[in-house]
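Chemist: Below are the structure tokens for one structure; questions will follow.
The values are calculated or read from the model by the stated rules, or taken from the named source; none is laboratory data. Note that the structure is a prediction, hence the values are computed from the model and not measured. Neighbour counts run over all protein chains shown; Cβ positions are idealised from the backbone, glycine included.
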Amino acid sequence: MKHNRGNPQLSFEPLTLQNAMQEQAFRELLQYLENNSPFYQKLFLSGNIDIHTVTLTELPTTSKEDLQWNNWDFLCVSKDKIAEYTATSGTLGTPVTIALTASDLERLAYNEYCSFITMGLSETDTVQLLLTLDKQFMAGMAYYQGARKLGAAVVRTGPGSPEMQLEVIKNLGVSTLVAVPSFLLKLIETAKAQGIDLKTLPVKKVLAIGESIYDSEWQKSILQERICKDWPIAIHSTYAATEMQTAFTACNAEAGLHANPELIIVELLDEAGNAVAEEEIGEVTITTLGVEGMPLLRYRTGDLCKHTTKSCACGRHSIRIGPVLGRKKQLIKYKGTSVYPAAIFELLNKETWIENYLIGIHQNSELQDEIRIQVVSKSAHSLEALTGLKATFRAQIRVVPEIEFINAAALLALQFPNGSRKQLKIIDYRP
Ligand SMILES: [Zn+2]
């Protein structure tokens, strides 16, 4: 199944045309799965599904557990066709292996090439990658290949070492960073300590991975405000998951994350599997297009999000999603109210005296959810600050978590369990 690549302009075509193109790709996918996917062959057979007549919404969804328990049943090619093995981070349970063919790697490069185009980059840009390029992490190599395809110059600095990052930015005239947004705060702090005027740095744009930089109403999050107050750069939000092998990226209009209609069909579903209305919260459910190794059909990502199909100011008519509100599994039920982890992040990011934090979600003996937060303080008056923070929690989200102080090194050890490639900000300890 070779991907029909090469037309970033499709997003600018009317939605009806995009949908027609997707319908055709969906039909090809069903045939491909029936011929090659042990998992979907079984699903079609047991569900008595005729792939020639079934519509997308009539098909059952695929869950993360399906993929965890039957990982290799999703593989549609013989092992000699596999070009690379990547893996999910395993933040939520057992990591899943995603095997890619050479065609899938090309598709991935095309996907990130489109991401860079969506944020307005060209071959004149120099892109610094402040993210992991090994540890089976898909995004690092994807952005590397995408920037190469664009013809931009790439600098692979990897994560960490703020002093080194700043040095490279200055020396090479880097215009664009690909980074986790909270790390930008570290760069700002380091620049200030070294007396570097951030406004003199050549960086104009950041492609932000891993963390949302908008609140639930699509307003700039505190994190984004704190960064841009000191460093006037355009931060482009993204959303992606390893399993979907596709990313969503914000354009210059900053009004949602664009899907690439050639690469993915997106649905937003409620608990019962029905489509939610525009601007309502639903679970991001995706069908990959043009994937050869491990294609997915109606895969429930576990991420909660809003969406719109209104045309964007940038001229694209493709579906936009966002803001991403968090994982469905990490939704916290607290005394009858539901709390999104994003709301807790937002409150903690506001507190400039907190250097680092980790949110733990636990379940008590009465099966109630509890929140325990460990914080590293940089203030000498942290006890007063703590009282203030608890009051803020009570007033704004009607939840008072347990908060304890911890030293910086101990927290970092908790945030990188077993050599994790991602710095964890939340751990769900519930059974
Ligand atoms: Zn747009």
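Chemist: Quick check, is Thr62 under 20 Å from Arg300 (Cβ atoms), without any contact (Cβ under 8 Å) to a residue 60 or more places away in the chain and among the β-branched types (Val, Ile, Thr)?
Modeler: Details: under 20 Å from Arg300 (Cβ atoms): yes; without any contact (Cβ under 8 Å) to a residue 60 or more places away in the chain: no; among the β-branched types (Val, Ile, Thr): yes.
Criteria not met by Thr62.
Chemist: Hey, another quick one. Can you tell me which residues in segment 181-209 are more than 17 Å from Asp303 (Cβ to Cβ) and assigned to a loop (DSSP other than H, G, I, E, B)?
Modeler: Within segment 181-209, the subset more than 17 Å from Asp303 (Cβ to Cβ) is 181-207.
Gln194, Gly195, Ile196, Asp197, Leu201, Pro202, Val203, Lys204, listed by residue number.
Chemist: A further question on this structure: Among residues belonging to segment 305-329 that are surrounded by fewer than 22 Cβ atoms within 10 Å (Cβ to Cβ) and more than 16 Å from the ligand (Cβ to nearest atom), point out the one that is modelled with the highest pLDDT.
Modeler: Within segment 305-329, the match that is modelled with the highest pLDDT is Leu325.
Chemist: Moving to a separate point now. Given the criteria under 21 Å from Gly210 (Cβ atoms), within 16 Å of the ligand (Cβ to nearest atom) and either surrounded by fewer than 19 Cβ atoms within 10 Å (Cβ to Cβ) or within 20 Å of the chain's Cα centre (by Cα) (or both), does Ser89 qualify?
Modeler: Numbers: under 21 Å from Gly210 (Cβ atoms): yes; within 16 Å of the ligand (Cβ to nearest atom): no; either surrounded by fewer than 19 Cβ atoms within 10 Å (Cβ to Cβ) or within 20 Å of the chain's Cα centre (by Cα) (or both): yes.
In short, no.
Chemist: Go through segment 352-405 and report how many residues are within 26 Å of Thr190 (Cα to Cα) and of a type outside the set (A, V, I, L, M, F, W, C).
Modeler: 10
Chemist: Hey, another quick one. Give the residues of segment 101-151 that are among the hydroxyl-bearing types (Ser, Thr, Tyr) and assigned to a helix (DSSP H, G or I), sorted by residue number.
Modeler: Our first condition is that a residue be among the hydroxyl-bearing types (Ser, Thr, Tyr); within segment 101-151, this holds for 101, 103, 110, 113, 115, 118, 122, 124, 126, 132, 143-144.
Selection gives Ser103, Tyr110, Tyr113, Ser115, Thr118, Tyr143, Tyr144.
Chemist: For Lys425, state whether it is at pLDDT 85 or above and of a type in the set (D, E, K, R). Step through it out loud before you land on a result.
Modeler: Numbers: at pLDDT 85 or above: yes; of a type in the set (D, E, K, R): yes.
Answer is yes for this residue.
Chemist: Tell me the residue from Leu130, Leu121, Leu100 that is in contact (Cβ under 8 Å) with a residue 12 or more places away in the chain, away from the ligand (no atom under 16 Å from the Cβ), among the aliphatic types (A, V, I, L, M) and closer than 14 Å to Thr176 by Cβ, please. Give the derivation first.
Modeler: Values: Leu121 fails: away from the ligand (no atom under 16 Å from the Cβ); Leu100 fails: closer than 14 Å to Thr176 by Cβ.
On inspection, the qualifying residue turns out to be Leu130.
Chemist: Among the strands (runs of 3 or more DSSP E) lying completely within segment 210-287, list those that include at least 1 residues that are more than 16 Å from the ligand (Cβ to nearest atom) and not β-branched (Val, Ile, Thr). Even if it seems obvious, please write down each step before you answer.
Modeler: Working: elements: 234-241, 246-250, 264-269.
In segment 210-287, the matching strands (runs of 3 or more DSSP E) lie at 234-241, 264-269.
Chemist: What are the residues in segment 351-370 that are surrounded by 12 or more Cβ atoms within 10 Å (Cβ to Cβ), farther than 16 Å from Leu411 by Cβ and not polar (S, T, N, Q), if any?
Modeler: Answer for segment 351-370, where residues must be surrounded by 12 or more Cβ atoms within 10 Å (Cβ to Cβ), farther than 16 Å from Leu411 by Cβ and not polar (S, T, N, Q): Ile361, His362, Asp369, Glu370.
Chemist: Can you tell which of Phe416, Phe405 is within 22 Å of the chain's Cα centre (by Cα), free of Cβ contacts under 8 Å to residues at least 40 places away in the same chain and surrounded by 12 or more Cβ atoms within 10 Å (Cβ to Cβ)?
Modeler: Details: Phe405 fails: within 22 Å of the chain's Cα centre (by Cα).
After ruling out the rest, the residue left standing is Phe416.
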